[in-house]
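Have a look at the structure below before the remarks.
The values are calculated or read from the model by the stated rules, or taken from the named source; none is laboratory data. Predicted model, so just to flag it, every value in this text is computed and none were measured. Ideal geometry is used to build each Cβ from the backbone, glycine not excepted, and the neighbour counts take in all protein chains shown. SASA here: full protein model, heavy atoms, side chains in, ligands and nucleic acids out. Shrake-Rupley method; radii C 1.70, N 1.55, O 1.52, S 1.80 Å.
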Amino acid sequence: MTVPRSASPAAGGPSPGPALSTATDSTPGAGNPAGGAGRVLARAREAGVFSGAAWAWGRSGGPVELGTLGTLSWDGDPVGADTLWDLASVTKPIVGLAVMALVESGELTLDDRVAHHLPRYEGTDKADITVSELLTHTSRIPGRQPLYRRFPTREELLDALVDLPLRAEPGMEYSSQGFMILGLIAESASGTSLDRLVRDRITAPLAMDATTFVLPERDRARAAATEDCPWRGRVVQGTVHDENAEVLGGVAGHAGMFGTVSDLARLGRWLCRGGGGPLAPRTLSVMTGTRVLGRTLAWQAHEPPLSSGGDLLTTAAYGHNGFTGTSLWVDPELDFFAVLLTNRVHPARTSDAIGRVRRTFHNAAVTEALS
């Protein structure tokens, strides 16, 4: 697949949806999106960093700017307000919110041992790992493990998680494998499946109606394409990009969720407001205010230099990136949030250009929001 380096952003305007006001509609068809943040993304699309993007930024009380540009794939239909994006690891903090709802309801505690909820782990090196350690990536469970290559079924992969040796030294290591276990704990504690738990406790109360695990087949054509995947032998569109998550059936604690820009903007505004509704303000404050080796509970703390949140956020900020080119950042001190959704792994994951794009986008967005 050839990636055009000078393609013009395709037409398709934003639609804010219920409970969102639009301050400025970026008009991708004009080739000059309104505002500095939109122009940053237009230049990145011209450079071939991704085929499409959607973004939102704003404050708890509005207004909120939403925009879209580009195409679902390099030879595909235009991105629209209803485009579904593979959130990748932005799934982690959404699952984390559901875990904190279980803490709030007394169904688990942050000090609960893995083996308390998952008896198969009793007697293993992971038995005494706590929920808090999983949330902060301090469990010593190795990350970045391509288990799917050797364990092609769900049960085989889950068995491999049990047997995965821990790191010898303590510290922070970003671990999707730890969040896989966290998802299993959430299911055990709640007595329901992870996808239903997240829907019932978080996305439905926030009216994030399009945000879900495992897209119905009818919705897959409006998803942004991700990688031309050698393992699958096809371009991935509408099914989860993360290979371990696919083996697990598309529902996992570390990846698997899809969502629209309007839905993620709703989440951003709610976080700016400090909670209420699905999660009490005190619970959210504990979640986002806990700081351990650069992590909060399920979020990344803002620690320049080279934070994906850019140069202008405060030390109170927190956020999370997704490998596919997605992110959500919130700064409660500035009353600011920003959503960035792209398909930077399309058609290949080799470029690291999204790192600088994220930083420049957030710098421009916070400047616009506070002006």
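Mean projection of the Cα convex hull over all viewing directions, computed for region 156-305: 11.4 nm².
Largest GNM mean-square fluctuation among PHE337, PHE323, PHE179, using the chain with Cα springs under 10 Å: PHE323. Summarised as an ellipsoid, region 331-371 has semi-axes of 26, 10, 8 Å, derived from the eigenvalues of the Cα gyration tensor scaled by 5 and square-rooted, with the largest first.
An ellipsoid equivalent to region 49-122, defined through the eigenvalues of its Cα gyration tensor, has semi-axes of 38, 19, 8 Å when rounded to whole angstrom and sorted largest first. In summary, the convex hull built on the alpha carbon positions of region 31-78 has an orientation-averaged projected area of 3.6 nm². By the Kirkwood approach, averaging reciprocal distances over each pair of separate Cα atoms, region 189-234 gets a hydrodynamic radius of 12.9 Å.
Charges were assigned to the Cβ only: +1 to each Lys and Arg, -1 to each Asp and Glu. The resulting dipole of the chain about its Cα centre is roughly 600 debye.
Sorted into 5 angstrom bins from 0, the C-alpha pair distances of region 85-129 split as 6, 20, 18, 19, 20, 12, 4, 1 percent. A viscosity of 1.306 mPa s and a temperature of 10 °C, combined with the Kirkwood radius over Cα pairs in Stokes-Einstein, give a translational diffusion coefficient for region 87-167 of 114 µm²/s. The separation of region 37-52 from region 235-266, counted between C-alpha centres, amounts to 23 Å. Give the shape of region 241-371 as rounded, prolate or oblate, defined through the alpha-carbon gyration tensor: a ≥ b ≥ c are the square roots of its eigenvalues, a/c under 1.5 means rounded, and otherwise the shape is prolate if a/b is larger than b/c and oblate if not. Because a/c hits 1.5 or more and a/b fails to exceed b/c, region 241-371 counts as oblate. Dipole magnitude for region 269-335: about 280 debye, using +1 per Lys or Arg Cβ and -1 per Asp or Glu Cβ, origin at the Cα centre.
Rolling a 1.4 Å probe over the protein heavy atoms of the chain, with every protein chain left in place, gives an accessible area that is 50 percent carbon and sulfur. Each residue of region 218-234 was assigned a 3J(HN,Hα) from its phi angle through the Karplus expression (A = 6.51, B = -1.76, C = 1.60, θ = phi - 60°), giving 5, 9, 5, 5, 9, 8, 5, 5, 10, 7, 7, 8, x, 5, 8, x, 6 Hz with x at Gly and Pro. Each Lys or Arg adds one and each Asp or Glu subtracts one; over the other residues with Cβ under 15 Å from the Cβ of PRO332, this totals +2. With coordinates expressed along the principal axes, the C-alpha atoms belonging to region 95-231 extend over 45, 42, 26 Å, beginning with the largest.
Only one residue of SER89, ALA160, GLY171 has its Cα farthest out toward the positive end of the dipole of the chain, where Lys and Arg carry +1 and Asp and Glu -1 on Cβ, and that residue is SER89. Entry for region 271-347 at q = 0.24, 0.26 Å⁻¹: log10 I(q)/I(0) = -1.16, -1.27, Debye formula applied to identical alpha-carbon scatterers, no solvent contribution. Near the amide H of ARG295, within less than 5 Å, lie the amide hydrogens of ALA301, all on another chain or at least 5 residues away, with H placed in the peptide plane.
For region 21-165, pairs of C-alpha atoms spaced more than 21 angstrom apart make up 63 percent of the total.
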